[in-house]
Amino acid sequence: MLHAEIKYRVDDANGQFGLTINRADTGLSATLHGPYFPEVREIAGYMPWQESGFAMLSRGLAEFAQELGYEAGMFTEAEIRFTFADTGAVAANAEPLCVANFVCSATANRLVVDGPVLRMTAPIRGLDIPEDLFALLQFLLKICDSRIGNSGSAATEVLTYSATAGGPDFIFVDDIPTSIQPWFLASAKAKAHILQRGGLLASAKAYADFCSGRP
């Protein structure tokens, strides 16, 4: 459903791992693709796309907080690359939905985010940079979505309208919660029939499928 490839540099050593978020019987599952073998843990009680992709990744990473916290030191680079994972498979050449690059240098530290989901640049104080990998990733994700960690989840139910002349039901794109809207639009661009009237309307079924984690 959603995959993040994460690269980082700490104390002159490079590291890399992946995390995939998918549907599970009781909510979501988070799969850590480490250097040895994948490990799957369930995020019980949380359904797909109640929050942004940044928040979903944050929840998934939290399941492996202890393991990721062991990687500590002086971080100088980190990259988080998001792609959709269609039915659990991650395409090697998938167009990134979002790429967040953290760079630490002698003159400035900054986070640069690019892609159809979010574009921004944020300066970062050296004193604010966490010293373990789990805390660093959560810190960067919260810059991308300041709602991470707030109580409650965004509602994903959007008012549905019936089309005239027996057409399919539709929704207004502007009614989709703002944290989820860019992720839905990024997924819809590959399927021209989902969006209508220049992107103002969307198929109600397509949005329901997206919110439930179906491709």
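Quick look at the values:
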read-out: Any hit, the range 69-82, residues being of a type in the set (Gly, Ala, Ser), under 17 Å from the mean Cα position of the chain (by Cα) and not in a helix (DSSP H, G or I); value: yes
read-out: Residue selected from the range 27-38 under the condition of a type outside the set (Phe, Trp, Tyr) and open to solvent by 70 Å² or more (accessible area, probe 1.4 Å), by the criterion nearest to the chain's Cα centre (by Cα); value: Pro38
read-out: Criterion: in contact with a strand residue (DSSP E or B) (Cβ under 7 Å, 6 or more places away or on another chain) and either in contact (Cβ under 8 Å) with a residue 60 or more places away in the chain or of a type in the set (Lys, Arg) (or both) - qualifying residue of Val117, Val112; value: Val117
read-out: Residues located in the range 77-95, provided they are modelled with pLDDT under 95, crowded, with 16+ Cβ neighbours inside 10 Å and out of contact with any Ser or Thr (no Cβ under 7 Å at 6 or more places or on another chain); value: Thr83
read-out: Which listed residue is assigned to a strand (DSSP E or B) and under 23 Å from Pro182 (Cα atoms), from Phe54, Phe102; value: Phe102
read-out: Flag for Leu201 being in contact with an Asp or Glu (Cβ under 9 Å, 6 or more places away or on another chain), surrounded by fewer than 18 Cβ atoms within 10 Å (Cβ to Cβ) and at negative phi; value: no
read-out: Among residues of the range 40-60, those that are touching a residue at least 24 places away in the same chain (Cβ under 8 Å) and open to solvent by 30 Å² or more (accessible area, probe 1.4 Å), counted; value: 3
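Condition check ((1) hydrophobic (A, V, I, L, M, F, W, C); (2) open to solvent by less than 70 Å² (accessible area, probe 1.4 Å); (3) touching a residue at least 40 places away in the same chain (Cβ under 8 Å)) across all residues:
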residue	(1), (2), (3)
Cys104	yes, yes, no
Asn150	no, no, no
Leu159	yes, no, no
Ile171	yes, yes, no
Gln181	no, yes, no
Lys189	no, no, yes
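The values are calculated or read from the model by the stated rules, or taken from the named source; none is laboratory data. The structure presented is a predicted model; accordingly, all values stated were derived computationally and were not measured. FYI the Cβ positions are ideal-geometry reconstructions off the backbone, even for glycines, and counts take in every protein chain you see. Side chains included, ligands, DNA and RNA excluded: accessible areas come from the protein's heavy atoms. Shrake-Rupley method; radii C 1.70, N 1.55, O 1.52, S 1.80 Å.
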